[in-house]
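What follows is a short report on a single structure.
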Amino acid sequence: MLDFRILTFLDLCKTHNYTRTAENLFITQPAVSQHIKYLETEYGAKLFYYRDRTLTLTEAGKTLKRCATVMYANCRSIKDKLADCTVTKRQLRFAATLTIGEFVLPPYINRYLLSNSGASVSMLVENTSVILNLLRENAIDFAVVEGYFPQDEFRSRLMQRERYIAVCSPSYPLKREVSRIADLINESLVVREEGSGTREIVERVLEEQNLHFSDFPLINEVGNMNAIKYLVANNRGISFMYESAARAEIDSGVLREIHLLDFNFYREFNFIMLKGSLFSDDFESIFFNDILAGGR
């Protein structure tokens, strides 16, 4: 069982407010202060200081937060592990980013569930920042993400490298012969909303070619990949997406890839867990040997 003063510390890391932490834990504000003072004495380091009236973690506090987060996750995992001993049904709790969760993992999960009748899964589809916090809070066992994550905090293993491609409808009337990305700037563009990871990829590639979204005459922003594919299939413009997101439509002739000589971009999809997790080897084995090994 985790020391209750560590739980107070972790809650204060979230709230940055002694009063709110006291309310969350149903204790008094002086008790919160006593718990923090005890930890500072125990570890011989100041954990918080005030900057511009805001409670801020010291470097020692940040280190303790990382360690305590892993400790908390392990305590929850032990409890779940012991509970598994009393039931025959095992549930995996994990999360994935949008493309991975919607287009890559479902066939693997289907095969896994067919082969493991006593198993069940709970998969959340969220953005990377939300997923990292879910891991820190032990709300999930592991995650599969695209893009950046703090490697000093999370253990990772490469799942696959995914190609990013340009697509349009087979009947879409391109305004000129296309061989390079610059040949597309006269076309209408259908893309994810600003701030999305898939849009950032296109922005980066355009910048490398000294191009920008503003070079396209018409841009439609859509926050759902299936909606984007529908609009592109109905000749509303071209788009860019992971090959796995478009594979079914390409194979069925609903979409076609626009082959570009200067657009050869791949991104990693990584399995991640908190470093120091007691059961990281178990979950990694389940994911790679049971789920992925089943194939599509």
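No lab work stands behind these numbers, since they all come straight from the coordinates. Model, not experiment: these values are computed from the prediction. Every residue, glycine as well, gets a Cβ built from its backbone with ideal geometry; the counts of neighbours run over all protein chains shown.
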query = Can you list the GluC sites (Glu not before Pro) in the range 194-270 that are in a DSSP coil and have 10 or fewer other beta carbons within 10 angstrom?
reply = Glu194
query = Between Ala182 and Lys62, what is the spin-label point distance in nm, taking each point 7 Å from the Cα along the Cα→C-beta axis?
reply = 4.3
request  = Counting only C-alpha contacts under 8 Å and six or more residues apart, can you give the relative contact order of the chain as a whole percent?
outcome  = 22
message = Take the chain, mark every one of the chymotrypsin sites (Phe, Trp or Tyr not before Pro) that falls in a DSSP loop and has at most 16 other Cβ within 10 Å, then report the longest stretch left between them, sites excluded.
response = 149-296
remark   = Phi-derived 3J(HN,Hα) across the range 54-71 with the Karplus relation (6.51, -1.76, 1.60, θ = phi - 60°), rounded Hz, x for Gly and Pro, is 10, 6, 10, 6, 6, 4, 5, x, 5, 5, 5, 4, 4, 5, 5, 4, 5, 4
message = Based on the alpha carbons, how large is the Rg to Rh ratio for the range 165-269 when Rh follows Kirkwood?
response = 0.91
query = If each of Val125 and Lys275 carries a label point 7 Å out from its Cα toward its Cβ, how far apart are those two points in nm?
reply = 3.2
ask   = Where does helix 197-208 land angle-wise versus the long Cα axis of the chain, in degrees 0 to 90, nearest 10?
value = 60
request  = List nothing, just return the count: lysine pairs in the chain, 8 or more apart or interchain, with Cα separation under 25 Å.
outcome  = 21
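Multiplying the sequence separation of Asp215 and Gln34 by 0.36 nm and subtracting their Cα-Cα distance, what value in nm do you get?
Here the segment from Asp215 to Gln34 would lengthen by 59.2 nm.
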task = Mind sorting out which of [x] 121; [y] 152; [z] 167 is the real volume of the Cα convex hull per residue in Å³ computed from the coordinates?
result = [z]
The range 1-64 versus the range 255-296: alpha-carbon centroid distance in Å = 37
